[in-house]
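Shown next, in structure tokens, is the structure this report addresses.
None of the figures in this text is laboratory data; all of them are computed from the coordinates on show. As the structure is a computational prediction, the values presented were derived from the model and not from experiment. Using ideal geometry, Cβ is built from the backbone for each residue, glycine included, and neighbour counts are taken over all protein chains shown.
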Amino acid sequence: MTDSSPHIVWFRDDLRLSDHPALHAASMSGAPVICLYVLDEVSTALAPTARPIGGASRWWLAQSLRTLEASLKRIGGTLVLRRGAAADMIAAVAREAGAGHVHWNEIAQTPHLAVADEVVEALADLNVGAHSYAGDLLVTPKAIRTKEGRGLRVFTPFWKRILAMGDPAKPLPAPTKLKPAPGVASDKLSDWKLEPTTPDWASGLRGMWTPGEAAAHKRLDLLLKGAVAGYATDRDRPDREATSRLSPHLRFGEISPRQVWYAARFSAAEQPKHAADINKFLSEVGWREFCRHLLFDVPDLATRNLQSSFDAFPWRRDDRSLLAWQRGQTGYPIIDAGMRELWHTGTMHNRVRMVVASFLVKHLLIDWREGERWFWDTLVDADAGSNPANWQWVAGSGADAAPYFRVFNPILQGEKFDPDGVYVRRWVPELKDMPSKFIHQPWNASPLEFARAGVTLGETYPMPIVEHKIGRERALKAYATTRNS
């Protein structure tokens, strides 16, 4: 291969042009550049722990690929789509194009590292150069280890280590022009059937989200220039627009953690009065990092209890209650509002995520893995690290876990964080006319108040599927059994 042979950039969970080390390196070579995305759901290296993405994430992926293709077109590039095992598809494109080099950003997860190893082996057989770069984290997992060589299992010391390391490398600029490469056949995105058709359940997602790199930066900019004021406290209020909503953009790499870091640091320097709020926001990015590092050490995080004492936990099989939870028909307004928001928009407020997760695993004693699977399919930001780590945190079986005896009271949580019922009224419209005093415990309203609100418990809105006191006592008894076993 000569230096003038095309360079391939293998896009993965990094659907952006700026701060893209692999794309930057290929563009700086001066050679023609082929941008390639492979939808790989079949590589055997993925099978043990990696999963195909869920329905909501597939919808997001389709939009993000379209946006990426348009961005590449503006600088002279094209996006080639292939479906199949990554090593086979990348080698095939390299042969077809006569490529001399392939560049990609690493994903610090065991199955994805194994797939990359297969790509390296396939390219070696073709005498094609393979170049990988760190690109999805602030710090590589191997850089933060205990004396015994293990990753940290508690967030606070982990985040202190990150902060003590200083600023990460500065984000790289997006290329302004790509040298066109010979045409290579591409799949049609529509043939991948990533988006729902019959039925089309994605109207709420379309109304809520604008995927893509430009939208990610706009959302970050809006947060840091205004909404970040009061973030440290207001982020717990589902009745307010106080969160960043950056998680799906980070999940698909439309913006990088390094870009978020530097934007936040710059904003804190410019707005010292908001520094505490900005630092709290940045620590949330740190939690994502923590979960990814945890996943690096525990690739089966979505299926195995991190604390083995939970292997004997007496979970209940209760399909009827699970279905009521999934559909937002539990009889607890804050729970039902969260689950309906999730189904309609592909997201759920972070505070409410904790409350609905606690309700499933503690009030209902349903295995946390059932909830994790549901979130994996319905969240647009379903992340292989954060999703199972957060579920295990709530269940008490994970790293830095909440104590199992901490059972969220859905009534008190609603009254504290949605005091006027704004959030509940939006997502549980059958309760919109209930007095605020009873919006989180409608069963305590009087017959006259029910009549005025047009509510008939058990008909227009369900009775609670379990009483809070009974659910809490049952959970504590189950925990005591596990603890003493």
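General remarks:
- Sites listed here are GluC sites (Glu not before Pro) in the range 169-264 whose DSSP assignment is loop and whose Cβ has at most 13 other Cβ atoms within 10 Å: 241.
- Using a Förster distance of 35 Å, the FRET efficiency for residue 222-residue 460 (Cβ separation, nearest 0.05): 0.40
- Classification of the range 275-320 by its C-alpha gyration tensor yields a prolate form. The axis ratio a/c (a ≥ b ≥ c) is 1.5 or more, and a/b outweighs b/c.
- For the range 391-469, GluC sites (Glu not before Pro) meeting the loop criterion (DSSP other than H, G, I, E, B) and having at most 10 other Cβ atoms within 10 Å: 459.
- With q set to 0.16, 0.18 Å⁻¹, the log10 of I(q)/I(0) for the range 121-262, from the Debye formula over equal scatterers at the Cα positions, is -1.23, -1.30.
- Shape call, the range 7-135: gyration tensor on alpha carbons, a/c limit 1.5: oblate
- Evaluated with a Cβ-only charge set (Lys, Arg +1; Asp, Glu -1), the range 336-485 carries a dipole of roughly 440 debye about its Cα centre, given to the nearest 20.
- Only helices enter the 222 nm calculation for the chain: every DSSP H run of n ≥ 4 contributes -39,500 (n - 2.57), and dividing by all residues gives -13500 deg cm²/dmol, rounded to 500.
- Ignoring the sites themselves, the chain has its longest run without trypsin sites (Lys or Arg not before Pro) in a DSSP loop having at most 13 other Cβ atoms within 10 Å at 1-146.
- Which of 307, 410, 256, positive extreme of dipole for the chain (C-beta unit charges): 410
- Cβ-derived FRET efficiency at R0 60 Å, residue 266 paired with residue 444, nearest 0.05: 0.75
- Positive-end residue of 97, 435, 81, charge dipole of the chain with Cβ unit charges: 435
- Cα-based shape type of the range 338-428, given that a ≥ b ≥ c are square roots of the gyration tensor eigenvalues and the cut on a/c is 1.5: oblate
- In this rough spin-label picture, where each label sits 7 Å from Cα along the Cβ direction, the residue 134-residue 186 distance is 3.2 nm.
- Pairwise centroid distance, computed over Cα atoms, of the range 207-265 with the range 133-147, Å: 23 Å
- Normalised by the number of residues in the range 186-257, the average gap of Cα pairs under 8 Å and 6 or more apart makes the relative contact order 30 percent.
- With contacts taken as Cα pairs under 8 Å at a separation of at least 6 residues, the chain carries a relative contact order of 17 percent.
- Across the alpha-carbon atoms of the range 308-483, the computed radius of gyration and Dmax are 16.0, 52 angstrom.
- Euclidean distance of C-alpha centroids, the range 10-34 and the range 426-462, integer Å: 55 Å
- Take every Cα pair under 8 Å whose residues are at least 6 apart in sequence, average their separation, divide by the length of the range 7-135, and the relative contact order is 35 percent.
- Given +1 at the Cβ of Lys and Arg, -1 at the Cβ of Asp and Glu and no other charges, the dipole of the chain around its Cα centre is 1040 debye to the nearest 20.
- Isotropic mean projected area of the C-alpha convex hull, the chain (nm²): 24.3 nm²
- In the chain, taking the dipole from charged Cβ atoms about the Cα centre, the farthest positive-side position among 49, 462, 226 is held by 226.
- About its Cα centre, the range 7-135 has a charge dipole of approximately 540 debye under the convention of +1 per Lys or Arg Cβ and -1 per Asp or Glu Cβ, with nothing else charged.
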